[in-house]
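Student: What follows is a structure written as structure tokens; I'll ask about it next.
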Amino acid sequence: MLPFARVTIIGLGLIGSSIARAVKAHMPSVRVTGHDADPGVRAAATALGFCDDVTDTPGAAVTDADFVILCVPVGAMRAAADSIALDLPIDAVVSDVGSSKGTVLAALQAALPGVAVIPAHPVAGTERSGPEAGFATLFHGRWCILTPPEDAAEATVERVAEFWRRLGAEVETMAPDHHDRVLAITSHLPHLIAYTIVGTASDMEEVTRSEVIKYSAGGFRDFTRIAASDPTMWRDVFLSNKDAVLDMLQRFSEDLTALQRAIRWGKGDELFDLFTRTRAVRRSIIEQGQDDAAPDFGRTHD
Ligand SMILES: NC(=O)c1ccc[n+]([C@@H]2O[C@H](COP(=O)([O-])OP(=O)(O)OC[C@H]3O[C@@H](n4cnc5c(N)ncnc54)[C@H](O)[C@@H]3O)[C@@H](O)[C@H]2O)c1
Ligand SMILES: O=C(O)C(=O)C[C@]1(C(=O)O)C=C[C@@H](O)C=C1
């Protein structure tokens, strides 16, 4: 049985448009309605045709929805939830795809009292944004983490889980705070490091910007892909997951200081031991099939 029949997507950028495309590919009988606050994005979405209907107002998008997914930056979740509150059917289920979960759950529950809110985070994406960047296979073989409130009905959580499984994702459930600590180290800190290293390189006066571009063949190039990620999205992620990110950053700085000391005092075996351990981490990620360097995942734009 289909988990939902009428899905509404608010925010038609990379993730929203990928969900719409994936629903069309995997559940073609489901009706997909979309809305975006940006008229240019609405026009692009209409032209690209991944929704059955694109509405000019958020209210019109949700009036007969049974599942609404907010796909806007984390800092815009409250405004997006407020914008649908009056027109939302009483039995609709509301979810989101935000990269941090504690503050988003609180914002959605405050805006939509009495509504079944089941937050989700598909751990899949690229550095690109906008409706042109989405693709239907984005969630294949990727985790989608659900962070339901403690009193959520099990049957509703299961419907949302089934929705994501139908899009090709593997579903895990966890508490919002735990999610935010795990993602702080696996996703948020890596982005912060990439933004820092690319920023530092481009600020260095003795290395001209053209040399940075010219010689960015290996490791630096990988960092520049991550550092090209959407500024609005990532500003909001860091501000919304402040405590967990600052905690992980503290640990990271301590480890960096230890490495600095090892280099200064020529402690090669300390460096060698660390690099051996990190190589094993990489190998186990590849063994678990979580490495996306192999399949293209639609990243033909590189
Ligand atoms: N990009 C990724 O890799 C990735 C992966 C997983 C989850 N996420 C999360 O998904 C969400 C969307 O990210 P994205 O990459 O699709 O961003 P995006 O910039 O491609 O799209 C976001 C869209 O939301 C619209 N929007 C903003 N405020 C709105 C509002 N109040 N009402 C309606 N529309 C509004 C914008 O106009 C834009 O078109 C974010 O919360 C992000 O944290 C992103
Ligand atoms: O592959 C990328 O470009 C991503 O940054 C994707 C990524 C990640 O860090 O893994 C980024 C943010 C999301 O919330 C989920 C996935």
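Student: Would you work out the charge dipole size for region 6-174 about its Cα centre, treating the Cβ of every Lys and Arg as +1 and the Cβ of every Asp and Glu as -1, and quote it to the nearest 20 debye?
Tutor: The calculated dipole for region 6-174 is roughly 440 debye.
Student: Take each uninterrupted DSSP H stretch in the chain, measure its Cα extent along the helix axis, and return the ones at 20 Å or beyond whose mean Kyte-Doolittle hydropathy is at least 0.0.
Tutor: 189-203
Student: Which value in nm describes the separation of the simple spin-label points at residue 24 and residue 235, placed 7 Å from the Cα toward the beta carbon?
Tutor: Once both label points are built, they end up 3.2 nm from each other.
Student: By how many nm would the segment from residue 5 to residue 242 lengthen if fully extended, with 0.36 nm per residue of separation less the alpha-carbon distance?
Tutor: Here the segment from residue 5 to residue 242 would lengthen by 81.6 nm.
Student: Round to a whole angstrom and tell me the spacing of the C-alpha centers of region 48-107 and region 112-161.
Tutor: 12 Å
Student: Going by amide H atoms built from the backbone, whose H comes under 5 Å of the H on residue 136, apart from near neighbours?
Tutor: Excluding prolines and chain starts, which carry no amide H, there are no hits.
Student: Further question: Checking the cross-link filter: which lysines have an alpha carbon closer than 20 Å to that of residue 101, excluding same-chain neighbours under 8 positions apart?
Tutor: Those lysines meeting the cut-off are 242.
Student: For the residue pair residue 79 and residue 274, what label-to-label distance in nm results when each label sits 7 Å from Cα along the Cα-to-beta-carbon direction?
Tutor: So the two model labels end up 4.2 nm from each other.
Student: Where in the chain lies the longest segment free of GluC sites (Glu not before Pro) that are both loop residues by DSSP (not H, G, I, E, B) and have at most 14 other Cβ atoms within 10 Å?
Tutor: For GluC sites (Glu not before Pro) (loop position, at most 14 other Cβ atoms within 10 Å), the longest site-free span of the chain is 1-149.
Student: Further question: Tell me, what HN-Hα J-couplings in whole Hz come from the Karplus equation 6.51 cos²θ - 1.76 cosθ + 1.60 at θ = phi - 60° for each residue of region 66-76, using x for Gly and Pro?
Tutor: Couplings: 9, 8, 10, 10, 8, 10, 10, x, 3, x, 9 Hz.
Student: Any idea what the relative contact order of the chain is, in percent, if you count C-alpha pairs under 8 Å spaced at least 6 apart?
Tutor: So the answer I get is 16 percent.
Student: Treating cross-link reach as a plain straight distance, find the aspartates and glutamates whose alpha-carbon is under 19 Å from the alpha-carbon of residue 267, omitting any fewer than eight places away in the same chain.
Tutor: Of all the aspartates and glutamates, those that pass the test against residue 267 - Cα under 19 Å, at least 8 places apart if same chain - are 254, 255.
Student: Give the calculated FRET efficiency between residue 264 and residue 215 to the nearest 0.05, with a Förster radius of 35 Å applied to their Cβ-Cβ distance.
Tutor: 0.85
Student: Which order do 245, 160 fall in if you start with the one that has the fewest other Cβ atoms within 10 Å?
Tutor: Fewest to most other Cβ atoms nearby, the residues stand as 245, 160.
Student: Continuing with this model, one more query. Within region 170-266, report the chymotrypsin sites (Phe, Trp or Tyr not before Pro) that DSSP leaves as loop and that have at most 13 other Cβ atoms within 10 Å.
Tutor: Those satisfying the criteria are 215, 265.
Student: Using a cut-off of under 19 Å, list every residue of region 180-210 whose amide N is near the label point 7 Å from the Cα of residue 255 along the Cα-to-beta-carbon line.
Tutor: Within reach of a label on residue 255: 180-198.
No value in this document is a laboratory result; all are computed from the given coordinates. Given the structure is predicted, the values throughout are model-derived calculations rather than measurements. Don't worry about glycine lacking a Cβ; one is built from the backbone with ideal geometry, like all the others, and counts go over all protein chains shown.
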